[in-house]
Amino acid sequence: MTSRFGWFVLGCVVMAAAIAAGAWLFVANGGVAMETNAAPLPFEKTFAKMAIRAAVADSRKLPDPLPYNEQNMVAGATLFRSHCAGCHGLPGKPSRMGKAEFPNPPQLFTPSEMVTDDPEGVTFWKVTNGIRLSGMPSFGDVLTADQRWQLAMLLRHADKLTPAVSAALANENSGGSSSASANGSGKCSCMDSMMKNSPGMKSMMPSH
Ligand code: HEC
């Protein structure tokens, strides 16, 4: 009996070693595509969604401490223009840069991609901490908590924009940059144009 059990254990160890070696060889031989423009790996999206859902779970009940009013919505819109539009686009102007990223940043003012169903706490969490292994930066050290709540409020109500909020999103002069065409919807979708369109991004870069 003991020896049978011994063989069983040995078999398990050998099998585990073979699986580990196989995985090692698979990765070492280029089995995992690292190109941004490659197709997603099998189950990549499923696992990523599962992981992010678990990570944000506790933040679902976090209430927005700010009152829902036009002043906070306009402030959020001005911040969105300067810090987020480069990747997430503006109403009627999806970001070209966004199309080149993997995973694609959702166009947060395009009805099918809005996060209006997410509690503000969840969006606050994502803006604060970022999303690992995606282009989504963490803004915890870049924006104050109030600013991040204003953004969460804006995105929760992205389908209910008053004229003042729409104007702040469209305003070429709000958010600092005057000549930018909002979101890389022009000819050049390079990093430079994104930086120009998102002055807030510059504050995240090392200064020279
Ligand atoms: C450099 C590009 C980039 C910038 C700038 C950026 N994001 Fe993102 N963001 C992403 C990407 C990429 C994702 C998708 C991550 C994923 O699918 O896992 C994302 C995801 C999100 C999500 C989750 C959307 C969903 O469907 O759950 C929210 C909310 C969000 N970003 C808000 C913001 C806000 C607010 C800002 C500005 C303060 C911002 N992002 C700036 C790239 C960016």
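Nothing in this text is a laboratory measurement; each read-out follows from the coordinates by a stated rule. For clarity, every value in this text was computed on a predicted model and none was experimentally measured. Because the Cβ atoms are built from the backbone with ideal geometry, glycine has one as well, and the counts that use them run over all protein chains shown.
Within the stretch 104-113, is even one residue within 14 Å of residue 52 (Cα to Cα) and either hydroxyl-bearing (Ser, Thr, Tyr) or in contact with an Asp or Glu (Cβ under 8 Å, 6 or more places away or on another chain) (or both)? The answer is no, given that none of the residues of the stretch 104-113 is within 14 Å of residue 52 (Cα to Cα) and either hydroxyl-bearing (Ser, Thr, Tyr) or in contact with an Asp or Glu (Cβ under 8 Å, 6 or more places away or on another chain) (or both).
For the condition more than 10 Å from the ligand (Cβ to nearest atom), acidic (Asp, Glu) and buried (at least 17 other Cβ atoms within 10 Å of the Cβ), what is the one hit in 58, 118, 64? Answer to the selection: 64. Mind listing just one residue for me: the one in the stretch 103-115 that is touching a residue at least 24 places away in the same chain (Cβ under 8 Å) and more than 8 Å from the ligand (Cβ to nearest atom) and, of those, surrounded by the fewest Cβ atoms within 10 Å (Cβ to Cβ)? Among them, the one singled out is 111. Against the criterion of being of a type outside the set (Gly, Ala, Ser) and in contact with a strand residue (DSSP E or B) (Cβ under 7 Å, 6 or more places away or on another chain), residue 109 qualifies. Among residues that are more than 6 Å from the ligand (Cβ to nearest atom), free of Cβ contacts under 8 Å to residues at least 40 places away in the same chain, among the small types (Gly, Ala, Ser) and on the phi > 0 side of the Ramachandran plot, residue 140 is not included.
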